[in-house]
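Reviewing the structure listed below.
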Amino acid sequence: MSSTVPPPSRVLCLYYGFLLLTTALSHGLPYPLFGVMLTGHAATGALALDCLLLIHIIVGVARAQRLTWYLLLGYNAVNLLSLLVTLAVLTPGELDPLLGDAVPSPSFYTGVSLAVIAMLVATAYAVRVRHRFHNTNPYLL
């Protein structure tokens with residue numbers, strides 16, 4: 001019996017798959033990025049880039065790529081920083097185009113808090129299982 005490295009985490013694939021689904025479903029809405037609400041073509045471009053990065057992360061995690069591990073950490077850091085800057089810079093009134101009238105502020109902030117906690121847990125878990133990202137091939141083959 002040979003000693004092998006365990007496969008990468010399915011939990012990470014599911015988490016980033018969920019992020020991909022929720023990101024893709026936000027098509028047509030303003031895209032918040034570092035305190036600026038992108039609209040129109042800028043929002044579409046940012047959304048497309050976000051979705052492409054998430055697809056790369058999902059496939060890379062499934063293929064245990066070391067490069068994807070670094071991409072995952074960078075993606076999480078940029079998203080968390082952008083979210084914190086957006087919440088610090090924009091007022092609740094400026095977030096209305098993103099939220100709509102049906103979402104009360106306390107529910108929004110609770111949801112944001114849960115999303116931040118989930119991303120921090122995913123990041124900590126990815127750091128914990130970094131040894132499973134053993135594939136040094138930079139291509140998704």
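The values are calculated or read from the model by the stated rules, or taken from the named source; none is laboratory data. Since the structure is predicted, the reported quantities are computational estimates derived from the model, not experimental observations. Heads up, the Cβs are rebuilt from the backbone with ideal geometry, glycines too, and the neighbour counts pull from every protein chain shown. The area values use the complete protein model at the heavy-atom level, side chains included, leaving out ligands, DNA and RNA. Shrake-Rupley method; radii C 1.70, N 1.55, O 1.52, S 1.80 Å.
Do we have any residue at all in region 52-59 that's without any contact (Cβ under 8 Å) to a residue 12 or more places away in the chain, among the aliphatic types (A, V, I, L, M) and open to solvent by 40 Å² or more (accessible area, probe 1.4 Å)? Yes, the conditions are met somewhere in region 52-59. From the list 68, 39, the one residue that fits, being among the polar types (S, T, N, Q), in contact with a helix residue (DSSP H, G or I) (Cβ under 9 Å, 6 or more places away or on another chain) and modelled with pLDDT under 90, is 39.
Against the list (1) surrounded by fewer than 14 Cβ atoms within 10 Å (Cβ to Cβ); (2) out of contact with any helix residue (DSSP H, G or I) (no Cβ under 9 Å at 6 or more places or on another chain), the condition residue 46 fails is (1). Candidates in region 110-141 are the residues that are aromatic (Phe, Trp, Tyr) and in contact with a helix residue (DSSP H, G or I) (Cβ under 8 Å, 6 or more places away or on another chain); of these, the one that is surrounded by the most Cβ atoms within 10 Å (Cβ to Cβ) is 133.
Scanning region 60-91 for residues that are open to solvent by 20 Å² or more (accessible area, probe 1.4 Å) and of a type in the set (Ser, Thr, Tyr), which turns out nearest to residue 118 (Cα to Cα)? Checked region 60-91; the qualifying residue nearest to residue 118 (Cα to Cα) is 75. Take the conditions (1) open to solvent by less than 30 Å² (accessible area, probe 1.4 Å); (2) modelled with pLDDT under 95; residue 10 misses just one of them, which is (1).
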